[in-house]
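Asker: I'd like to ask you about the structure that follows.
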Amino acid sequence: MFCRKCGKQIKDGILFCPYCGQKIAIAPSLPQMDVVPFKGQKEEPAVKGSSARQEIRKKSPGAKSLILTVIIGALLMIVAVLAFMLYSKQSKDEEEKPYRGYQEVTENVSGYSGEGSEMPVADMAETIDDADAQEQPYEEAGAEQEPAQEEQYSQYVLPESDSAYLTMSDLEGLTREECRIARNELYARHGRRFDDVELQGYFESCDWYEGAISPEDFDDSVLNEYEVANRDLIVMYEKEQGYR
């Protein structure tokens, strides 16, 4: 506490300042007032009510657990219903598959849907005739190709001389001229031309022959291993028969 006149610090409770003698005025004490809430302000709930609510909460601790259990049970029921519906749909599809397969097959046959009575006999006969008509061109084409291949095959003295090793038994009975043609047809297969007019004329009469290489430009290295071995065998046979 300080003196208002001299500003010295003095003790609380004295009536006069010991330094300047100024009378010290003591401020009256204010009476204690009750706190009144403002208009519109809600009063705090009494302690007694709070305690009651706390006691109620303590007495019912399983309320939240009960609500959580109900929610979980409802979710499980929904999942079970969805699973049952999905299983029923799959089972129904499996049962309908055989019928669908039968229906698709019957629809592909002359537009027959498979419903009602069986396919009329007349429709079945038309279907068979159509199938025969589709297969007939292939048979005719094959029949035309086979004679052409056989005719071309017969134009060779030794048809397999370029793809298989021959033996002396394969050459038995060949004449001098046949041996000469058989030996030169190995070259003619690769398009070689010949200076001999008769030999050239013979190969030109064959459908398979395409002479385009002159004798001077022809290279024997184009012959494969079968053709080289069979050429030497024919020469050996000609010597044994006295043709050379």
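Asker: Give me, ordered by chain and number, the residues 5 or more places off Asn224 or on other chains with an amide H under 5 Å from its own placed amide H.
Answerer: Hits under the 5 Å cutoff: none.
Asker: If one computes P(r) from the Cα atoms of the range 168-241, what percent of pairs lie at distances over 19 Å?
Answerer: 38 percent
Asker: Among Cys206, Cys17, rank each residue by its count of other Cβ atoms within 10 Å, from fewest to most, as a rough exposure measure.
Answerer: Fewest to most other Cβ atoms nearby, the residues stand as Cys206, Cys17.
Asker: I've got another one for you. Order by neighbour count: Glu185, Glu204, fewest other Cβ atoms within 10 Å first, most last.
Answerer: Neighbour counts put them in this order, fewest first: Glu204, Glu185.
Asker: Could you check the spin-label model distance between Ser169 and Glu210? Points 7 Å from the Cα along Cα→Cβ, value in nm.
Answerer: Going by the 7 Å Cα→Cβ label model, 3.6 nm.
None of the figures in this text is laboratory data; all of them are computed from the coordinates on show. Fair warning: this is a prediction, and the values are worked out from it, not measured in the lab. Ideal geometry is used to build each Cβ from the backbone, glycine not excepted, and the neighbour counts take in all protein chains shown.
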